[in-house]
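Below is one structure. I have some questions about it.
Each reported figure results from applying straightforward, stated rules to the coordinates on display, with no laboratory input. Here the structure is a predicted model, which means the values were calculated and not measured. Because the Cβ atoms are built from the backbone with ideal geometry, glycine has one as well, and the counts that use them run over all protein chains shown.
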Amino acid sequence: MIQLNLTRPIAFFDLETTGVSVASDRIVEICILKVLVDGTKEVKTKRINPTIPIPKGASEIHGIYDKDVANEPTFKSIAKSLATFLENCDLAGYNSNKFDVPILVEEFMRADVDFDLKNRRLVDVQNIFHQMEPRTLKAAYKFYCGKEIINAHSAEADINATYDVFLSQLERYDGVEFENKKGVKSIPVKNDVQALHDFTNLNNNADLAGRISFNDKGIEVFNFGKHIGKSVENVLRDEPSYYSWMMNGDFPLYTKKVLTDIKLRMTQNK
């Protein structure tokens, strides 16, 4: 296996968290693989008490529950030693620039530990993957069908290529097992439109823009802003002006329609 050409250590790290909000969620586990200049490696894994409840949905993904971290140290209590371990290290991970690095820095800031990124180089393995294996129609047509699109970006050529890719996917993945983030295995790609609908709709949104989504109990919750994760009905009941703010704001018309439907439903259920 290739040995990294390093001028200083690089720390590959991954976080398990209470959720995906950089501003409000917390780390429950961190694993760091530090590669030194001579190629030797150090691994540290630590569970952390986030000081807030871990939502059931998050626990089902990473398998860490409140009871598992009740007696673990808080991030604040290990922040200085962690910063020392990462001193003079570049940082790397998978989707790390968008998720892991921002959350880690946020935790350091809450702990009043100066964790400066200015002189650190950041390597995101996912970005290498996505740029070298682009997720475009042209790339998909080449991968699945072994052809180049003639007159790419004309609507007719693109939609014909899309249909050919779709048929090739049905053939390629016929009977192929898939395991989701919760470890549930299935054979999702079938010659069945309902099955394909279920597989390709990755976000359980109530509106098309993803501003309002359904939680694990099927209740509409806000998916942005100061009320993220809160029941839409509860927010509209406790802060009626929020409805007017959204209706007068720069939100898609369909989002406003969904919001209005919820408000009308509340009125009818009184």
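Using the alpha carbon gyration tensor of region 46-122, what are the three equivalent-ellipsoid semi-axes (square root of 5 times each eigenvalue), largest first, in whole Å?
Working: eigenvalues 115, 50, 20 Å².
Equivalent ellipsoid semi-axes, largest first: 24, 16, 10 Å.
Compactness ratio of region 212-268: Cα Rg over 2.2 N^0.38 Å, N = residue count? Intermediate values should be presented prior to the final figure.
Working: Rg = 10.5 Å, N = 57, 2.2 N^0.38 = 10.2 Å.
It is 1.03.
Here is a further query. Taking the beta-carbon count within 10 Å as an exposure proxy, list 211, 47 from fewest neighbours to most. Spell out each step's value before the answer.
Numbers: 211 21, 47 17.
In increasing order of surrounding Cβ atoms, one gets 47, 211.
Show me the GluC sites (Glu not before Pro) within region 61-155 that DSSP assigns to loop and that have at most 13 other Cβ atoms within 10 Å of their Cβ. Walk me through the numbers before you get to the answer.
Details: sites: 87, 106, 107, 148; in loops: 87, 148.
Here the GluC sites (Glu not before Pro) that fit, given the DSSP loop and packing criteria, are 87, 148.
Short version: what are the Cα gyration tensor semi-axes of region 134-200, square root of 5 times each eigenvalue, largest first, in whole Å? Before the final figure, lay out the partial values.
Details: eigenvalues 135, 29, 23 Å².
Calculated on Cα positions only, the semi-axes equal 26, 12, 11 Å.
Next question, about the same structure. Give, rounded to the nearest 20 debye, the magnitude of the charge dipole that the chain has about its Cα centre when Lys and Arg contribute +1 at Cβ and Asp and Glu contribute -1 at Cβ.
On the way: 35 positive and 38 negative charges, 94 e Å.
It comes to approximately 460 debye.
Of all GluC sites (Glu not before Pro) in region 168-223, which ones are in loop regions per DSSP and have a Cβ with at most 14 other Cβ atoms within 10 Å?
177
To the nearest Å, what is the center-to-center distance of region 23-87 and region 173-189, using C-alpha atoms only?
29 Å
Here's another thing I want to ask about it. Hey, what did the chain get for relative contact order, percent, Cα under 8 Å, at least 6 apart?
Working: 343 pairs, mean separation 28.0, N = 270.
Relative contact order of the chain: 10 percent.
Expected output is a single nm value to one decimal: the length gained when fully extending between residue 46 and residue 3, i.e. 0.36 nm times separation in residues minus the C-alpha distance. What is it? Display every interim value, and only then the final one.
On the way: separation 43, 0.36 × 43 = 15.48 nm, distance 2.65 nm.
Once the chain is fully extended between residue 46 and residue 3, it gains 12.8 nm.
Also: Can you tell me the relative contact order of region 10-129? Whole percent, Cα pairs under 8 Å, sequence separation 6 or more. Working shown, then result.
Numbers: 191 pairs, mean separation 32.5, N = 120.
It rounds to 27 percent for region 10-129.
Rounded to the nearest 5, what % of the DSSP beta bridges within the chain are antiparallel ones?
Values: 22 of 29 bridges.
If we restrict to bridges inside the chain, about 75 percent are antiparallel.
So which trypsin sites (Lys or Arg not before Pro) in region 216-254 pass both tests, a DSSP loop state and at most 10 other Cβ atoms within 10 Å of the Cβ?
On the way: sites: 217, 226, 230, 237; in loops: 217, 230.
Taking region 216-254 and a limit of 10 other Cβ atoms within 10 Å, the loop trypsin sites (Lys or Arg not before Pro) found are 217.
Going by C-beta contacts inside 10 Å, put 130, 227 in order with the fewest on the left.
Details: 130 12, 227 17.
Ascending Cβ contact count within 10 Å gives the list 130, 227.
Put +1 on the Cβ of each Lys and Arg and -1 on the Cβ of each Asp and Glu in the chain; which of 259, 196, 215 then has its Cα farthest toward the positive end of the dipole?
It is 259.
Could you please report the charge total around residue 92, scoring K, R as +1 and D, E as -1 over all other residues with beta-carbon less than 14 angstrom from its beta-carbon?
Values: positive: 8, 34, 41, 98, 120, 121; negative: 14, 90, 100, 124.
Taking every other residue near residue 92 into account, the sum is +2.
With n ≥ 4 as the cut-off for DSSP H runs, can you work out [θ] at 222 nm for the chain, using -39500 (n - 2.57) per run divided by the number of residues, rounded to the nearest 500? Each step should come with its number before you reach the end.
Details: 11 runs with 105 residues, N = 270.
Helix contribution divided over all residues of the chain: -11000 deg cm²/dmol.
Here's another thing I want to ask about it. How many lysine pairs in region 58-167, separated by 8 or more positions in sequence or lying on different chains, have Cα atoms less than 24 Å apart?
Values: 67/76; 76/98; 76/118; 80/98; 80/118; 98/118; 138/147.
Lysine pairs, 8 or more places apart or on different chains, close enough: 7.
How large is the direction-averaged shadow of the alpha-carbon convex hull of the chain, in nm²? If you can, show how the numbers build up before the last one.
Values: hull surface 81.7 nm².
Dividing the Cα hull surface by four gives the mean projection, 20.4 nm².
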